[in-house]
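Encoded as structure tokens, the structure appears first; notes follow it.
Laboratory data are not the source of any read-out in this text; all were calculated from the coordinates shown. In this text the structure is predicted, and so the values were computed from the model without any measurement. Cβ sites come from the backbone with ideal geometry, for glycine too, and all protein chains shown count toward neighbours.
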Amino acid sequence: VQLQASGGGLVQAGDSLRLSCAASGRTFSRYVMGWFRQAPGKEREFVAAITWSGGSTYYADSVKGRFTISLDNAKNTVYLQMNSLIVEDTAVYYCAAKYPTGSWYYADNYNYWGQGTLVTVSS
């Protein structure tokens, strides 16, 4: 299983950015796909998740209303649309995949991880 995250960059506060996570290696129809982030000196934190089959979504309170997670089944790709970015969103963003059991919230529950893409939001 391989997850390839992309789309990070340097933006200004208030701007938008879309991250992509291309998945390959197996059928993902029963997986939960998640996005996490890790800021310098901080622990990795949950951002958003989506079920591949049903499209149910879950968001961290800190991004609710600003970020949207979605997927394209035909392309085996998960997206994270980030709007109204703030300086506190600066982090390395990781995509991950997990089996359908267990909480979406905890990084330890995810079985596969991408390499991360850096998002820097300047004031």
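Placing a label point 7 Å from the Cα of residue 111 along the Cα-to-Cβ line, the residues of region 20-46 whose backbone N sits under 16 Å from it are 23-34. Roughly what % antiparallel, to the nearest 5, for the DSSP beta bridges in the chain? About 90 percent, rounded to the nearest 5.
Note: relative contact order over the chain, using C-alpha pairs below 8 Å and six or more positions apart, is 36 percent.
Between residue 122 and residue 29, the modelled labels are 4.7 nm apart [label points 7 Å from Cα along Cα→Cβ]. Treating each Cα of region 4-75 as one equal point scatterer and applying the Debye formula with no solvent, the log10 of I(q)/I(0) at q = 0.27 Å⁻¹ comes out as -1.48.
For region 46-95, applying the loop criterion from DSSP together with a ceiling of 16 other beta carbons within 10 Å to the trypsin sites (Lys or Arg not before Pro) yields 64, 66.
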